[in-house]
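Here the structure comes first, spelled out in structure tokens, and everything after it is commentary.
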Amino acid sequence: MTKKKHVKELILKPVTKYAVLFAASAVAAAAIISQAAHAESIATSAAKSPVTISEIWARPSVPGGNVSAAYMQIKSSAPVKLIKVDAPVAGNVEIHNMNMKDGVMEMKAVDAIDVPANKMVELKPGGYHVMLMMLSKSINKGDNVGLKLTFEGADKKTFTMDVVARADEKGSSKTDAKSTSNAQEKNSAFHNH
């Protein structure tokens, strides 16, 4: 091996080694910065969420039944729509409304619930409510039922809130929701809500 080639190898091997280490460090730093920006985005959207959820509760399921309902009060400082609800305990979740039609109480799914700015919208028995269907397990009095609420703002952007409803008879131990923001089926046998 010539002296020139040997010197070139001595210089290039360490430089290549350090270049690879530098590139790997740069990729790792970019991933960390990206994760931090995403976490900041989530925290910012949580801080900017116009929605407040209170008085949240769920009805215990009847023995052998596979449906329940959840109720709450929603208030927002800006106009929003509740467009979707998910629940790990339910295979199917719908937003419903009950109203009297020709002397008969009827219940049907709705696409969304409008929440006007600075107005309280109450989801309650006999009105708007969240139907939890195809339950994976019974909901008993005192159980916590996790719900993910998806809202759409006037700008058509969506945001979610995770809340916990306490199962209780007729909401006698209603509590305010513990909510956090996260960067977005039918069964007519259950009429007692």
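Data overview
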quantity	calculated
Total formal charge among the other residues, if their Cβ is under 13 angstrom from that of Pro50, Lys/Arg +1 and Asp/Glu -1	+3
For peptides 122-128, 136-142, sequence by mean Cβ density within 10 Å, most packed first	122-128, 136-142
Additional length obtainable on full extension of the chain from Val110 to Thr158, 0.36 nm per residue less Cα span	15.5 nm
Amide H within-cut-off set for Ala78, under 5 Å, with H built and near neighbours excluded	Asn118
Surrounding net charge for Thr160, when Lys and Arg each add one and Asp and Glu each subtract one, Cβ distance under 11 Å	-1
Rounded accessible area per residue of the stretch 41-165, 1.4 Å, Å²	48
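The values are calculated or read from the model by the stated rules, or taken from the named source; none is laboratory data. Treat the numbers as computed from the prediction; the structure is a model and nothing was measured. Cβ: placed from backbone, ideal geometry, glycine included. Neighbour counts: every protein chain shown. The accessibility values were calculated without ligands, DNA or RNA, using every heavy atom of the protein model including side chains. Shrake-Rupley method; radii C 1.70, N 1.55, O 1.52, S 1.80 Å.
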